[in-house]
Every structure is written in C-alpha cells, then in structure tokens.
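Encoded as structure tokens, the structure appears first; notes follow it.
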Amino acid sequence: MQFVIATLLLATAGLASASTAPSVNVSASRYVMKAHDFAAFKGTYELENGKTASVYMADGRYYVQVEGAPRMEIVAVDPSTFVSRDSKLKVAFDQSPNAVVASISLQYRGQ
C-alpha cells in the first residue's frame, strides 16, 4: 500500500461561490494515457483528511475512489492530470524527477 500526503480541496456550493469554484473541461482532444504509463499512478494514497484515495484500472478504464464515496472514472488531460467524466473532479499527481508520485491533489467542483 502506498501512502502519500495529499491535498484535498473541496469547493461546494456551501463552501465557495460558483464563481470561485475551479472549472474543469474535458474536450475531444484529451490526452491519450497508455496503461503502462498509468501504472506509475496506481495505488492507495492517504489524504490529509485521514481518508484514502485508491487509483486503479479496471476493464481498460481508469478510476479513483475516495474512501466512503463511489468510484469515479477518470480520463487523462495531460501526462499527470486526470478529470472525471462529469468534470466534477480533477486529480493531479506531482511526480519527483525519477517519476515517483510525490503527492496527489483532488479538486472537487461544486455540486
């Protein structure tokens, strides 16, 4: 099990106005992530709030599941950033120079 300190930002309607909530758009020209490249991100990460986030592949698709929440399918938008199909979640990985994941950041968009 891989444990990494993570950043969890929650911008919901009750905590932030819609104008300040981060916006994530998925376009038709998304980044194509190969399974062997995704392998660097797979694992379970410990978040600052004490919960865990699992990042994994199933049936050729990529997923993130935060403890206590349903899994969300994610798609790559660049070599280290993913968004959920509904654009409500952005997952960014910070990698050290040797490609080891140093941290994970989850940004939720208001619901």
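The values are calculated or read from the model by the stated rules, or taken from the named source; none is laboratory data. Worth saying up front: this structure is predicted, and the values here are computed from it rather than measured. As a convention, Cβ positions derive from the backbone with ideal geometry for all residues, glycine included, and neighbour counts pool all protein chains shown.
What to note about this one:
- Taken over the stretch 61-111, the criterion of being acidic (Asp, Glu) and either more than 19 Å from His36 (Cβ to Cβ) or assigned to a loop (DSSP other than H, G, I, E, B) (or both) is satisfied by Glu67, Glu73, Asp86, Asp94.
- All positions within the stretch 52-70 that are surrounded by 13 or more Cβ atoms within 10 Å (Cβ to Cβ) and either in contact with a Cys (Cβ under 7 Å, 6 or more places away or on another chain) or free of Cβ contacts under 8 Å to residues at least 40 places away in the same chain (or both): Thr52, Ser54, Tyr56, Met57, Tyr62, Tyr63, Gln65, Glu67
- Glu48 at pLDDT 95 or above, closer than 13 Å to Leu106 by Cβ, in contact with a strand residue (DSSP E or B) (Cβ under 8 Å, 6 or more places away or on another chain) and of a type in the set (Asp, Glu): no
To keep it simple, each residue is scored yes or no on (1) modelled with pLDDT of 85 or more; (2) of a type in the set (Asp, Glu); (3) out of contact with any Lys or Arg (no Cβ under 8 Å at 6 or more places or on another chain).
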| position | (1), (2), (3) |
| --- | --- |
| Asp59 | yes, yes, yes |
| Ala69 | yes, no, yes |
| Ser80 | yes, no, yes |
| Ala99 | no, no, yes |
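- For Ala53, the stated conditions do not hold, so it cannot be described as at pLDDT below 95 and either among the hydrophobic types (A, V, I, L, M, F, W, C) or not in a strand (DSSP E or B) (or both).
- Hits in the stretch 80-111 (condition: within 8 Å of the chain's Cα centre (by Cα) and among the aromatic types (Phe, Trp, Tyr)): Phe82, Phe93
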